[in-house]
Structures are given as structure tokens and as C-alpha cells.
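Below is one structure, written out as C-alpha cells; comments come after it.
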Amino acid sequence: MELNALRQFLVVARLEHLSRAAQELRVAQPSLSRTIARLESELGAPLFDRSGRLRLNDTGKLFRGYVERCLGELDAGRRAVAEAGSKGLGTVRLASETFLTLTGPLAAFKRAHPTVEIELDWTPAEDMARRLRAQDVDLCVASQPIDAEGLEAVRLLDEEVWLAMPFEHPLAGRASVSVEALGDQPFVSARRGHWQRRLLDRLFAARDLTPKIVCEVDELSAIVDLISAGLGIGLVPGIARRAYTRAPLACVAVDSPDCRRALTLYWGADGHLSTAARLMRTTITDWNWTTGEPLDNGA
């Protein structure tokens, strides 16, 4: 099997759409179709269901896992050789749902290791486990649980998530508010897939309710500004509540034990971590998320 064919298979498997995969790979669609057909012929089994929309079947999902691990090990070997040859610290590839929370440790890491290259990649939580097992990235920071099979993890932070609103809002004077009381309230939220939106949807779904979303944003730093402008209310993590000073907002507790987020660092249990990735892992795990400084370990 050719490596290029395996890499093309992974793109088709991820997108489950030949024309979009061909566009991303910058190859002709008929050529890509022939590559997938040859691969299936070599394996002696179809990898996709083609009744209607293209779908990766169970055999394809099984094969995808092996291909991801195979190509991941090959890429890891290339990086290890490059690191050994250059005698440098290498590159660290960090994926996260949001980098706002990580600005402190990232800045501290860059000050301590200015020659290390840092590659940051926004990744939705549902893609993190796959990318780690494929060694496409070294480390992932998630604000919601992910499939941890074959991964190691360290819990970084467990914090309450608050309901933010302008001071003049009718709910602003309350100590807490129930989810049921928010059924008719307009919400400013992140788009689907982000942990804030998933938490909001989960809180409402548990009570057979649907949140009223009036504004969806990709730029998470804009959520607080839009709430302050009076467009709606929204969920903000405790760390942002403590750090954010630009907009005057009232924060009210949500009367639900599930209105929390757990920030967790993940990495592959069996993968090779470069020196740079190990140093980044130490910087992140040794960070004091309450004070926004490195932990005082008594040194």
C-alpha cells in the first residue's frame, strides 16, 4: 500500500465526501475515487457504504484506527530523527478548544524556551482523541470529557460556570437562578461543538428545554462584550469572570451542580513526545490556575 493512498483515505474518511476531500487534497475527484477503489480491492473489503451519502462503514472505522497509528508512528519517527540531528528541543503542537485560558502558561513557556517552535491548532473536543492517537498533535487541552482510550490525562482545573448579564438585568440581583427560569431568556453563545454551547445545551436538555440562542459567535472573547451590550445573557467560566475587567457584568450562580467545566490536559499513552512537548506538558501541569502564575513548589 502506498503512503499517499493511506493519507488520502484518512481525508475521505474524515469528510465522508469525495468532492470535498478531492478539493482539500487538491487532486481530481476521479483519481481519488480510483485510489479508494484500489485500496478496497487490496484489502478485499469495502471501506465505505455508498447507498446515498458516502459513509465510513465498520470495516473502514477499524482500518482507519490502524492507518492513523501507522502514519502517526512514522511521523513521530521523522520528528525524533530531526530532533536528534538538530540537537535542539524540537517543536510542540498543542490543540485546544480555546487558547484564551492558556495565554498565561504559553507566555511563560515562550519566555523560558524562546527557541522552541509552538504550533497552536484549534480543535473541537470530538476530534481530539483521534488526533492524539494519530500523533497529529502532541497535547490537547479540553474543557469537556473526551474519549480517553489510549490516552493519559491530568485534570488542570475544575471550576463553576456562571451566568453573566448586564447589571440592569432583572435577574442580576439574585444569588442563584434555576435553569427552568431561563427558558425565555435570550442567550449569547459559542457555536455548536464548543464546550460552553455543549454545557448550555446539556443543562437545558436535562429539563426538556431548548435555549433561546439569539447570537452565535466564533470569537469567544466577544461573548462577554456582546452580553455587556445587552444582546442577551450567557455562560462564562470562573477564570474568565475573575480576569475579565473590560465590561461591567453581573454574575449569578446557576442552580445546578452540573454547571461546571473541567479543564484537562491529554496526550497519547504510547506516543513519542518530543523534548519540547514534555516541557510544555510540565509548564501547563505546573500552572496555578487560581493565581495565574506558575505553582510554587518550594524551590
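Treating r as the C-beta distance of ASP208 and GLU126 and R0 as 25 Å, the FRET efficiency rounds to 0.55. Helical runs assigned H by DSSP (4 residues or longer) give the chain a calculated mean residue ellipticity at 222 nm of -12500 deg cm²/dmol, each run adding -39500 (n - 2.57) before division by the residue total. For ARG260, the residues 5 or more places off, or on other chains, whose built amide H falls under 5 Å of its own are VAL161. Measuring nothing but how far apart in sequence close Cα pairs (under 8 Å, 6+ apart) lie, relative to its length, the stretch 117-210 scores a relative contact order of 25 percent.
Of the trypsin sites (Lys or Arg not before Pro) in the stretch 109-213, which ones lie in a loop per DSSP and count no more than 11 other C-beta atoms within 10 Å? Kindly include the intermediate steps, with their values, before the conclusion.
Working: sites: LYS110, ARG111, ARG130, ARG131, ARG133, ARG155, ARG174, ARG191, ARG192, ARG197, ARG198, ARG202, ARG207, LYS212; in loops: ARG174, ARG191, ARG192, ARG207.
When the trypsin sites (Lys or Arg not before Pro) of the stretch 109-213 are filtered for loop state and at most 11 Cβ neighbours within 10 Å, ARG192 remain.
Among the trypsin sites (Lys or Arg not before Pro) within the stretch 40-74, which fall in a DSSP loop and have no more than 11 other Cβ atoms within 10 Å of their own Cβ?
On the way: sites: ARG50, ARG53, ARG55, LYS61, ARG64, ARG69; in loops: ARG50, ARG53.
Within the stretch 40-74, the qualifying trypsin sites (Lys or Arg not before Pro) (loop, at most 11 other Cβ atoms within 10 Å) are ARG50, ARG53.
Loop-located GluC sites (Glu not before Pro) across the stretch 1-110 with a Cβ neighbour count of 12 or fewer within 10 Å are GLU2, with loop assigned by DSSP.
For the stretch 157-260, what class follows from the C-alpha gyration tensor (a ≥ b ≥ c being the square roots of its eigenvalues): rounded when a/c is under 1.5, otherwise prolate if a/b is larger than b/c, else oblate? It is rounded, given that a/c, with a ≥ b ≥ c, falls under 1.5.
Across the chain, Cα pairs under 8 Å and at least six residues apart give a relative contact order of 22 percent.
For the chain, the normalised intensity computed at q = 0.15, 0.16 Å⁻¹ comes to -1.18, -1.24 (log10 of I(q)/I(0), Debye sum over alpha carbons, equal scatterers, no solvent).
Every read-out reported here was derived from the displayed coordinates using simple, explicitly stated rules and does not represent laboratory data. Everything numeric in this text was worked out from a predicted model, so none of it was measured. With ideal geometry, Cβ positions are generated from the backbone for all residues, glycine too; neighbour counts draw on all protein chains shown.
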